[in-house]
Amino acid sequence: MNVPLLEVRNLKTYYYTLRGVVKAVDNVSFTLERGETLGIAGESGCGKSTLAWALLGLVPPPGRIAGGSIVLDGQDLTKLSEHDLRSKVRWKKVSMIFQGAMNALTPVFTIEDQLAEPLMIHKGMHKDEARERIAEMLKAVGLDETIMKRYPHELSGGQKQRVIIAMALLLNPDLVIADEPTTALDVIVQAQIMNLFKEIKRRYNIGMIFITHDLSLIAEIADKVAIMYAGKIVEIGSSDQVFGNPRHPYTQGLLRSIPRIRSKEKITWIPGVPPDLVRPPPGCRFFPRCKYVKEQCRREEPELKEVEPGHFVACHLYG
Amino acid sequence: MAGLGVTAVKAIANALIVLIVAALIISTVFVEQSEQELKGYALELFQARVRALQMKGIKLTEAQLQQINMTIWRDLGLLEPVPVRILRFTLWSITFNFGMFPAKAHYAGALGNTAKDVILAALPNTIMLFTTATLICILIGIFLGLQTARKAGGLADRIISTIAMISASLPMWWVGMLMLLIFAFDLGIAPFACIDVYSDLAQLSRHVSGFLYWIYSIPIWLKYMWLPLLTIVIVSFGGWAYTIRNVVISVMTEDFVHVARAKGLPERTVLYKHVLRSASPPIVTMSALSIVGSLGGAIITETVFSWPGMGRTFWVALQNGDTGVLIAATYVTVFLFVVIIVLLDFIYALLDPRVRTGMAGGAR
Amino acid sequence: MSTYVERIRWFLGELKRVKSGLFGFILLFILVGVALAFPLIANQQDVMYWSGHAEYWQKKMLPVLAPPAWINLFSPQKYAVTHVIPVTKSNYTILNMSNDKDLIKYLELMNPDVAKALKQLPASQRKALLNNLRKGLHFKYLIYIEKDMVYDFRADIPPSDIEVLAKIGPIVMRKGLVQGINILFSRPDGITLTLTPGASTNITNPFNINQYADLTSPGLLTRLGIPVTTNTSGHESFNEIVANTTWLFSLRDYISSVINSRNPAIINAILGPILRAVNATIKTGTYINPMVFLMSKAERGIVSGTAPPLKGRYVLSFRFLIKVPKGFKEPRFIVEKAKVLGVYGLLGTDIHGRDLWPAFIYGVRWALLVGILVSVISTFVGVMYGVISGYLGGWVDVVMTRIAQVVYSLPVLPLLIILAYFFGPSIWNVIIILIAFGWVGIVFTVRSMVLQIKENLYVEAARAVGASSWRIIFKHVFPQILPYTFASMALSVPGAILAEAGLSFLGLGDPNLVTWGKILHDAQAGNAVLNGAWWWVLPPGIGIAVVGMTFVFIGYALDRILNPRLIR
């Protein structure tokens, strides 16, 4: 029986601000097997990025993990000291891929310097040893090794994204979290990067969590899909299940709002705005925008119920 | 490093433009004044030369006397029309030909009586005082700035911010007067007038010379320098710490800092390598600005302490109507100033690869 | 209109959040109040006559370099406080020599035997003799004037001076006409000094000229400081103290000059009684604090100034015996003001004896005026420049930016000093020059803001609709830049104030105006630091700092409120 690579149970990550407690991630649970790709989708501000940072133990203050557990390879990361997290987990076991087109690379150091850092710190390599590995990695993501001596501002968006991906894979981590990796790229480059991801998934068989607001990307790459809304997972299941048979009204709404080239269906969108995470509505957080809302929805928070094997939905429509 | 080279050339070209413009302005302002000045000087030279010739027993005819006068006037540039004269002064300034200007008043420490001698004596003193003070401030500023940036909003942070705000409104020279009242008048542990350093040094030179003299002159300089140095640091460190703190805070919100942490780098590396290094370009700009500001305050501060530097020289020259020294001092100040700016621009390019011109850049 | 009210209300609400800003505005309110209330809380005249009106300050008779009066709250040893002392005794007696009775009275006082003999003569003989006598006298009237002033000294530290401002005259000084003066200083311990050598310390007969010193001796007149004019009438010229001559007598200055004369005879004549009581002598060249010497106990250490203070009742007495020749008017000696000078006022005095309090309060006006005027105008100019340069773009932008860069690179203060030196020190020149250098600072930031805004779509849209350039600028660009402008204005005030203070300190400010920089300039010139006159140095600097800080707080708050940024 395979122990899952990652098991997140009842994770709560709150921000303690002057305005109040922002419940960015409120009771989130899921599992991830080795080599599996989980796609997490949702609107901006639903807590996806906070979840990603929580997995690395790097929630920026005034936020912190307020409860729950993150078990990676049998070890509960929430119980580890900062020192252990830094030296044993970060980048070695879990690494992160950011939006490369933004400021993820320090502008004053060369690509080589920045890629060498984790190798030198975690593997104790020398600059020259590291250079070989870096060249290898850059080739693997489709970049020429002359990129090494360049500075970030000299690279295009697509090139930077590849560098970020290479950087994340340097130490052969078990789990890679990709947080909106293609958002700032144009469509063509986006397609290239998605192909790269698929290639990596095939070649390295690592566990991946792919976070985005763009459902079409998840459809391309994820084995499992989780839909997040207002800090909670409202639907989770295999990619086929969630896309083929969406149960939660929110998921359905999301899918209906994607324009399809050949379909003649009208695009609809979900009216309203996401709730304030300091004072979320009682009961189901989606009820103000849900067209199926019942009396129960206003009072009781729905729990995740299995509607098909492996397909869970948190909605009062399903028992 | 092609980008660096191009940047450097551009910066130097810029600097030259500023220098020429400044020299033009200064020369224009002074030509009127210096006319009287130089005519008087010409007369002195003329009389001196005539006397020397007469002592040798040479008799001079009217024509020959005229000739001598003409030569002197020509050498001093008095024969030329005003615009040409302006250009000549500009040229002299740019080529540092200050030996031509006489120094009227007595300037402590000057070894001769031309403007050049005066500047040569005063310039090192100013550099010694203000460079040391600036370096100390930078060090304190980086340390305090980083600490308070990490715990932004904390007690230390608010104290530093308040100190910075107060320091921004304090006239440095007034604080100097207060320091003198406390340490010189009340406590008697500091000298009232730093210019007395020369009399102490003269005394020393009567006993020792050569290498020993240089060694023993160090504590003497320190004795006179510590109070102005302390004053400058006290008034300036808050601003430095606050500016650095602001820059560091804004850098710390950048994505790459989170990335560095995610990479498992120790916090110290994140702070001193990634954050500080990325923060240093704007810090360099700030220091350029602060040096600009301090050059002015230097004049008054030096006057309050009677510190024998460029500032005080400027002031004494002004009071005595010593135009030659004034032009020289002003121009040298502008020159120094421009050199520093160019240097800082260059350092900026060194630290921040994004501003180097001639490099391929941007998204494709 | 209502949106403006809303905006203001929102702004005030936000202001409450940023405490320092609230503090700044309150401070500003107070400062403006002080500036406006100046005529009520300080003497306006003092400021008007600040420079070059020596007589005004002479008349005020304020102590020189005096600490503020409240220093006594903190000092274990109490200083004497400046105050007016009353004239307690005033005597004016005339003997008219034309009058027989008076003449006989005079003879009785001068030579009792002759007078007795004269009285016994028959009337006609007496008359003849008297007329004869009269012819021998060179004067018609004999006037005795006495004025006493009392000072009850109860402090621990003697006053720095006792001054008497009087009107004296006319007194004729001819050959053969001896005029008598006797200034007596009596101490509580019974020792009485005569400050006029040659006079006696105990006047038994006020009409006996021998008990007086000779007022006509030029040495004495100079030392006393009484102005004398030379008059020609007919063939003779004589000296005269004209009617209503102003005479300021300073006890300290007088005794100082006596000691500095190094003339043992005079020193002993005047200070003898005290010296003999302690059996001491004054070695030539030793420094003696006159007032401390006069008002300390006659014990060991009195010469070196270490003897304890002698508290009690002191009397300063002016006695005159004046002979008035025929044809001249009677003399008057009117004490306008007698004062004990010690610590004074709210902020003490400077080396010229000028009250520093009104100067300090007045400084608020100019600090605020210069600061606000310079910063508002230069910010406005800079913003306009940056907006135009950024919006127009192209070669206009390049040229304008280049010019701004050059101006920015010039070191301000040295050039400021030179320009002030050559264009003359007037406050308006200073303001203009400060603006001329101040506008550059904001240009670059504004320009880059404009460049950013330019890229925004709605500007394109507005242009597409056909709005003119100016309309676009005003409607779209300015509102975005305005918040930054206000914050910048506030933050540039301290710089302007410091620059003006610096210029004034160097003596390049307006010589007719009293600004804080000027006060500090005077302090530097008057060696305030060397003399430890902290009350001269501290307040103006604190004033500059407080006004500067007010605007820093305000600017900081404006920045926080109007420029939302991601500062955690």
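Some points to look at:
- Every helix of 4 or more DSSP H residues in chain B counts as -39500 (n - 2.57), and over all residues that averages to -26000 deg cm²/dmol at 222 nm.
- Segment residue C:231-residue C:304, extension gain: residue separation times 0.36 nm, minus the distance between their alpha carbons: 21.7 nm
- FRET efficiency, residue B:66 to residue B:28 (Cβ-Cβ, R0 41 Å, nearest 0.05): 0.85
- Between the Cα long axis of helix C:356-392 and the first principal axis of chain C there is an angle of about 20°, rounded to the nearest 10.
- Multiplying the residue separation of residue C:4 and residue C:134 by 0.36 nm and subtracting their alpha-carbon distance yields 37.2 nm.
- Sum of side-chain charges, residue C:433 neighbourhood, beta-carbon under 13 Å (Lys, Arg +1; Asp, Glu -1): -2
- Modelled FRET efficiency - R0 35 Å, residue A:266 with residue A:183, Cβ distances, 0.05 increments: 0.85
- Using the Karplus relation 6.51 cos²θ - 1.76 cosθ + 1.60 with θ = phi - 60°, the per-residue 3J(HN,Hα) values for region A:15-31 come to 9, 9, 10, 5, 7, x, 8, 8, 8, 5, 10, 10, 6, 9, 9, 6, 10 Hz, with x marking Gly and Pro.
- Residue by residue, region A:182-195 carries 3J(HN,Hα) couplings of 10, 4, 8, 9, 6, 4, 5, 5, 4, 4, 4, 5, 4, 5 Hz when phi is fed to the Karplus relation 6.51 cos²θ - 1.76 cosθ + 1.60 (θ = phi - 60°); x denotes Gly or Pro.
- Cross-link reach list, aspartates and glutamates versus residue C:116, counting only Cα pairs under 20 Å and skipping chain neighbours closer than eight places: C:100, C:102, C:108
- Each label point was placed 7 Å from the Cα along the Cα-to-Cβ direction; for residue C:41 and residue A:305 their separation is 7.6 nm.
- Amide N of region C:374-390 lying under 19 Å from the label point, which is placed 7 angstrom from the Cα of residue C:454 along Cα→Cβ: C:382-390
- Projecting label points 7 angstrom from Cα along Cα→Cβ for residue B:196 and residue C:32 puts them 4.9 nm apart.
- Folded to 0 to 90 degrees: helix C:264-278 orientation relative to chain C principal axis, Cα: 90
- Given chain A, longest segment not containing exposed loop trypsin sites (Lys or Arg not before Pro) (DSSP; at most 16 other Cβ within 10 Å): A:35-259
- Taking all C-alpha pairs of region A:117-160, those more than 17 Å from each other amount to 37 percent.
- Helix-only [θ]222 nm of chain A, DSSP H runs n ≥ 4, -39500 (n - 2.57) each, per residue, nearest 500: -8500 deg cm²/dmol
- Local net charge near residue B:58, Cβ-Cβ under 14 Å (Lys/Arg +1, Asp/Glu -1): +4
- Using the Cβ-Cβ distance between residue B:6 and residue B:97 with R0 set to 30 Å, the FRET efficiency works out to roughly 0.40.
- Residues of type aspartates and glutamates that residue C:454 reaches as a straight line, Cα spacing below 20 Å, ignoring anything fewer than 8 places off in the same chain: C:397
- Within chain B, helices built from complete DSSP H runs that reach 30 Å or longer along their own axis (Cα positions) and carry a mean Kyte-Doolittle hydropathy of -0.5 or higher are B:2-55, B:115-150, B:210-252, B:276-305, B:323-351.
- Lysines with Cα under 18 Å of residue B:116, excluding same-chain neighbours fewer than 8 positions away: B:104
- B:352, A:76 arranged by Cβ crowding within 10 Å, fewest neighbours leading: A:76, B:352
- Computed label-point distance, nm, for sites residue B:186 and residue C:124 using a 7 Å Cα→Cβ extension: 9.1
- Restraint check, A:79/B:273; A:291/C:16; B:39/B:223; A:198/B:263; C:119/C:323; A:92/A:149, Cα-Cα greater than 32 Å: A:291/C:16; B:39/B:223
- Calculated [222 nm] ellipticity per residue, helices only, for chain C: -16500 deg cm²/dmol; basis is -39500 (n - 2.57) per DSSP H run with n ≥ 4, divided by all residues, nearest 500.
- Equivalent ellipsoid, the protein assembly as shown (semi-axes from 5 times Cα gyration tensor eigenvalues, Å): 87, 39, 28
- Other residues whose C-beta falls under 12 angstrom from the C-beta of residue C:156 contribute a net charge of +3, scoring Lys and Arg +1 and Asp and Glu -1.
- Net charge dipole, the protein assembly as shown: roughly 2260 debye, given to the nearest 20, about the Cα centre with Cβ charges of +1 for Lys and Arg and -1 for Asp and Glu.
Laboratory data are not the source of any read-out in this text; all were calculated from the coordinates shown. Note that the coordinates shown come from a computational prediction; the quantities given were computed from them, not determined experimentally. Quick reminder, even Gly has a Cβ in these numbers, built from the backbone with ideal geometry, and neighbours come from all protein chains shown.
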